[in-house]
Every structure is written in C-alpha cells, then in structure tokens.
Amino acid sequence: DTGVSQDPRHKITKRGQNVTFRCDPISEHNRLYWYRQTLGQGPEFLTYFQNEAQLEKSRLLSDRFSAERPKGSFSTLEIQRTEQGDSAMYLCASSLGPSGRETQYFGPGTRLLVL
Amino acid sequence: RKEVEQDPGPFNVPEGATVAFNCTYSNSASQSFFWYRQDCRKEPKLLMSVYSSGNEDGRFTAQLNRASQYISLLIRDSKLSDSATYLCVVNGGQFYFGTGTSLTVIP
C-alpha cells in the first residue's frame, strides 16, 4: 500500500499528558499537511510542510502544538499538556506542489481522546 | 464570512433519485476545486477534481461557475453506497474545506 499512513490510529490519554502522532506521506509527495477534525465539521488546517520547511501554521494553533518533518519525509505532530478540547481526529494529507492542480490525499487519521 | 460554505443537509433521498449539492466560495482567485467523500469515522477520499467548467465521472457530475463562485455536485441514480458526507474543497492559496453535506440514500 503506497498511500498515506498514520500511526497510531487511536490514542487515549489523560489530560496533561503529551502525545505524538506520526504521518508517512506518499513517497514522491513533497508537501505534507496536518488537519484536525471534530464531529460535524470539515477538516481544520493546522500546518503544512514543503519538504522539511514548515511554511505555514494556523493562528488557531496554540504553543502546545508542534510539528516537524526533519528529513522531508515523515512528519510528527506533538501535543503537549493535552486538554479535553484537543479530542478530535487528526488527519494528515500529502500532495505534490506547488501546482495549479495540486491534489491532497489523506491518511486514515489518528483519533485522539483526552480524558 | 467563511471561505467555503455548504448546506449541511441532511439530504435523505430514495434509491435511484438524482441529488445535487451546492457549495459557494469567497476567494475569486481560487484555482482548483474538489469534492471529497467522507464515510463516518473515516478519512476524506477524493471523488472529483474540477479545474475548468466541470467534470463528469459516471453518475457524478461536478460543475464550476466562476462568475457566481459556486461549485455543484450532481449524483444521478443514487445507490445505497452513496450514503456519506460530501466535502467541498477549494484551493485559494490554501486548501479550504466546507463543513460537508450529509447524504443518506434510502432503500
């Protein structure tokens, strides 16, 4: 399977703990995006990378969130001191860009529950 | 104003019906447009891309009206398996997602 993969698929944690998620993009894709999605809403942009450079970060993203893509391949998203409001599906997508026809392909997501 | 707006529905239609969803966007400089399908608790999956006036793939037709800044998705001969949420996505320098339109096809 050469699609986008994410790990873990599910994570349950206690409030105040740190969590880290991993995303492996489609191998030839240079762009990688992180989104958060809650029930009844569309995906909400968090941040994106082009190769190893983090080009944009949402203003909604607090300092507790950090993302890396050190070698321009896989990426990690870390949430420090988790809060109950962080409970959501975290989606990763990859694409080949920039292009007027850039198309995103999503991984299966990591579902986070903060107790 | 939101970048992308969709009617959330729900749309409940009988098998075999034709159903249409509309989506409006605010950035007139947007270059590309997409419809994704999302099943419950799953990731969005690309259904169609729209770069010019429209695109057709079997029972699915997407149309773009740049003057009025809306995109539509038409599903003909609805199947039970079409039941899902349909997300409208617009690339206006960044990918903007609608909240999705829920479709249930009833036997």
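Assorted remarks:
- For the stretch B:17-65, residues that are in contact with a strand residue (DSSP E or B) (Cβ under 9 Å, 6 or more places away or on another chain), farther than 15 Å from residue B:101 by Cα and small (Gly, Ala, Ser) total 8.
- Of all residues making up the stretch A:57-97, the number that are within 14 Å of another protein chain (Cβ to nearest Cβ), without any contact (Cβ under 8 Å) to a residue 12 or more places away in the chain and more than 14 Å from the chain's Cα centre (by Cα): 1
- Selection status of residue A:113, within 13 Å of another protein chain (Cβ to nearest Cβ), exposed (fewer than 15 other Cβ atoms within 10 Å of the Cβ) and either in contact with an Asp or Glu (Cβ under 7 Å, 6 or more places away or on another chain) or over 24 Å from residue A:53 (Cβ atoms) (or both): yes
- The single residue among A:45, A:49, A:65 that is aromatic (Phe, Trp, Tyr) and farther than 23 Å from residue B:49 by Cα turns out to be A:65.
- Some residue of the stretch B:10-26 being closer than 22 Å to residue A:103 by Cα, aromatic (Phe, Trp, Tyr) and either modelled with pLDDT of 95 or more or surrounded by 17 or more Cβ atoms within 10 Å (Cβ to Cβ) (or both): yes
- Taken over the stretch B:46-60, the criterion of being within 13 Å of the chain's Cα centre (by Cα) and of a type in the set (Phe, Trp, Tyr) is satisfied by B:60 alone.
- Subset tally (residues that are more than 13 Å from chain B (Cβ to nearest Cβ) and either touching a residue at least 60 places away in the same chain (Cβ under 8 Å) or buried (at least 19 other Cβ atoms within 10 Å of the Cβ) (or both)) for the stretch A:30-56: 2
- Checking the stretch B:80-98 against the condition returns a match, with at least one residue being free of Cβ contacts under 8 Å to residues at least 24 places away in the same chain, within 14 Å of another protein chain (Cβ to nearest Cβ) and crowded, with 17+ Cβ neighbours inside 10 Å.
- Count of residues meeting criterion [in contact with a strand residue (DSSP E or B) (Cβ under 8 Å, 6 or more places away or on another chain) and either surrounded by fewer than 17 Cβ atoms within 10 Å (Cβ to Cβ) or outside any strand (DSSP E or B) (or both)] in the stretch A:66-84: 12
- Scanning the stretch B:35-65 for residues that are more than 14 Å from chain A (Cβ to nearest Cβ) and either in a loop (DSSP other than H, G, I, E, B) or exposed (fewer than 13 other Cβ atoms within 10 Å of the Cβ) (or both) yields a total of 5.
- Checking each residue in the stretch A:7-29 for being farther than 12 Å from residue A:73 by Cβ, surrounded by fewer than 20 Cβ atoms within 10 Å (Cβ to Cβ) and not charged (D, E, K, R) picks out A:8, A:10, A:12, A:13, A:16, A:17, A:18, A:19, A:20.
The values are calculated or read from the model by the stated rules, or taken from the named source; none is laboratory data. What you see is a predicted model, and the numbers here were worked out from it, not measured in a lab. We place every Cβ from the backbone using ideal geometry, glycine too, and count neighbours over all the protein chains shown.
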